[in-house]
Amino acid sequence: MTDIGTSIPSVTVRGPQAPGNTAALDPVFTVSDLSVFYGEYEAVRQVDLSIGNREITAMIGPSGCGKSTVLRCFNRMNDLIPGARAAGKILYHGEDLYGDHVDPIEVRRRIGMVFQKPNPFPKSIYDNIAYGPRVNGTKGKMDEVVEEALTQAALWDEVKDKLKQNALSLSGGQQQRLCIARAIAVKPEVILMDEPCSALDPIATTKIEDLMQQLARDYTIVIVTHNMQQAARVSNRTAFFTADVDDKGERHGRLVEFDETSRIFTNPTDQRTEDYITGRFG
Ligand SMILES: Nc1ncnc2c1ncn2[C@@H]1O[C@H](COP(=O)(O)OP(=O)(O)OP(=O)(O)O)[C@@H](O)[C@H]1O
Ligand SMILES: [Mg+2]
């Protein structure tokens with residue numbers, strides 16, 4: 001009898017610290033042929049992309065290539081911008097996110113957002129967290145809801161003795177974790193983050209990155225970042241966007257490449273991705 005043996009190739013399939021295994025993508029969102037317009041202007045053209053369940057997906061690319069525009073489509077925030085319009089399809093768990101029967105307010109409850117600049121309400125720390133659950137008519141003990149959200153956002157220990165204090169008295173990094181806690185308090189499934197660390201120092205940034213990794217056990221996260229090390233550190237998959245200029249001189253954002261983060265950063269297939277990640281462009 002011949003022993004053929006089995007060789008199992010050793011393949012790195014995810015970002016260095018990222019949780020979970022990205023080998024098979026279990027889609028929460030499936031985007032096909034998405035184009036986004038502001039009035040007549042086509043800001044983003046023909047994007048095809050999937051967002052994996054309980055993964056961190058990073059969107060990177062030069063300024064103006066449409067990262068925020070695409071991100072805002074995931075919770076229909078673009079609906080709030082006069083003249084903005086999305087064409088193509090975004091499926092959320094197989095359902096058309098832009099279908100007639102879909103309530104955009106419920107969409108935004110399930111798919112929360114954290115912005116570049118921390119934007120706490122000018123209220124107490126407690127009321128910042130309790131606001132969303134109260135609006136949603138959450139029953140049960142509000143104190144527990146507040147504690148749980150602050151604990152998940154790794155802020156509880158720092159604020160538990162000053163919950164009645166105004167949230168604007170917190171540091172920038174604490175305010176951003178508060179905003180993440182506020183997003184979590186309404187029990188979303190997905191958290192969208194648009195450059196959540198760009199206003200923070202390196203220590204606060206590390207805290208938010210650690211927090212993202214914790215949260216990815218329970219939530220699906222999509223993050224826009226200009227910090228490529230951050231994308232490489234935290235994400236499972238990366239989408240690289242750029243902007244093409246057409247013959248009329250108009251710029252249109254495009255998705256160039258979407259793959260496992262380790263592959264995008266070590267062996268991209270498109271020259272434009274390689275130029276961007278090696279700093280030759282953008
Ligand atoms: N509210 C708006 N109205 C009109 N045009 C807009 C609006 N928001 C964005 N745009 C345009 O759409 C294009 C993509 O912008 P977007 O903000 O999505 O880019 P981005 O990749 O997020 O850039 P940055 O990295 O600078 O944040 C740009 O040309 C921008 O001017
Ligand atoms: Mg942006």
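A Stokes-Einstein calculation at 10 °C with viscosity 1.306 mPa s, built on the Kirkwood radius of region 55-195 over Cα pairs, returns a diffusion coefficient of 97 µm²/s. The charge dipole of the chain, taken about its Cα centre with unit charges on the Cβ atoms of Lys, Arg (+1), Asp and Glu (-1) only, comes to about 800 debye.
Output the relative contact order of region 123-275, whole-number percent, from Cα pairs under 8 angstrom with separation of 6+ residues. If you can, show how the numbers build up before the last one.
Numbers: 175 pairs, mean separation 26.5, N = 153.
Computed over region 123-275, the figure is 17 percent.
Below 8 Å between Cα atoms, with a sequence gap of 6+, how large is the relative contact order for the chain in percent? All intermediate terms of the calculation are to be shown ahead of the outcome.
Working: 544 pairs, mean separation 78.3, N = 282.
Dividing the mean separation by the residue count of the chain yields 28 percent.
With the convex hull of its Cα atoms as the shape, region 203-261 has an orientation-averaged projected area of 5.0 nm². All Cα-Cα distances of region 234-282, cut into 5 Å bins from zero to the largest, leave 5, 21, 28, 23, 13, 7, 3, 1 percent in each bin in turn. Against the empirical 2.2 N^0.38 Å (N residues), region 114-266 has a Cα radius of gyration ratio of 1.19.
Angle of helix 202-215 to the longest C-alpha principal axis of the chain, folded into 0 to 90 degrees and rounded to 10: 80°.
With a 1.4 Å probe and every protein chain kept in, tell me what percent of the accessible surface of the chain is carbon plus sulfur.
On the chain, the fraction of accessible area on carbon and sulfur atoms equals 49 percent.
In square angstrom, what is the accessible area per residue of the chain with a 1.4 angstrom probe? Display every interim value, and only then the final one.
Working: 13930 Å² over 282 residues.
Result: 49 Å² per residue.
Ranking Y276, Y38 from most to least accessible surface, computed with a 1.4 Å probe over the protein chains only, gives Y38, Y276. Springs join every pair of Cα atoms under 10 Å in this Gaussian network model of the chain, and among I208, I51, I105 the largest mean-square fluctuation is at I105. These residues, E144, E40, E189, go from largest to smallest accessible area, 1.4 Å probe, as E40, E144, E189. Rounded to the nearest 10 degrees, the angle from helix 142-152 to the longest Cα principal axis of the chain is 40 degrees.
Here region 214-282 is assigned +1 on the Cβ of each Lys and Arg and -1 on the Cβ of each Asp and Glu. Its dipole about the Cα centre then comes out at about 280 debye. Normalising by residue count, region 32-120 has a Cα convex hull of 125 Å³ per residue. For T151, the accessible area of its heavy atoms, probed at 1.4 Å with every protein chain present, is near 80 square angstrom. Positive-end ranking of I111, G99, A243 along the dipole of the chain, with charges on Cβ about the Cα centre, is headed by I111.
Considering only Q176, A130, S198, and ranking their Cα positions along the charge dipole of region 97-230 that arises from unit charges at the beta-carbon of Lys, Arg, Asp and Glu, the one farthest toward the positive end is A130. Between helix 172-185 and the chain, what is the angle of the helix's C-alpha long axis to the longest principal axis, kept within 0 to 90° and rounded to the nearest 10? It is inclined by approximately 90 degrees. Measuring with a 1.4 angstrom probe and ignoring ligands and nucleic acids, H93 comes out at about 100 Å² accessible.
Using the eigenvalues of the Cα gyration tensor, what equivalent ellipsoid semi-axes result for the chain when each is taken as the square root of five times the eigenvalue, whole Å, largest first? All intermediate terms of the calculation are to be shown ahead of the outcome.
Numbers: eigenvalues 201, 123, 74 Å².
For the chain, the ellipsoid semi-axes come out as 32, 25, 19 Å.
Which of rounded, prolate or oblate describes region 184-282 when judged by the alpha-carbon gyration tensor and an a/c cut-off of 1.5? Prolate. Restricting things to alpha carbons, find the Rg to Rh ratio for region 124-191 using the Kirkwood radius for Rh. A ratio of 0.93. Dividing the helix sum by the residues of the chain, where each DSSP H run of 4 or more adds -39500 (n - 2.57), gives a mean residue ellipticity at 222 nm of -8500 deg cm²/dmol.
The values are calculated or read from the model by the stated rules, or taken from the named source; none is laboratory data. Only a predicted model underlies this, so the values are computations on that prediction, with no experimental measurement involved. Methodologically, a virtual Cβ is constructed for each residue, glycine included, from the backbone with ideal geometry; neighbour enumeration extends over all protein chains shown. All accessible areas refer to the heavy atoms of the entire protein, side chains included, with ligands and DNA or RNA removed. Shrake-Rupley method; radii C 1.70, N 1.55, O 1.52, S 1.80 Å.
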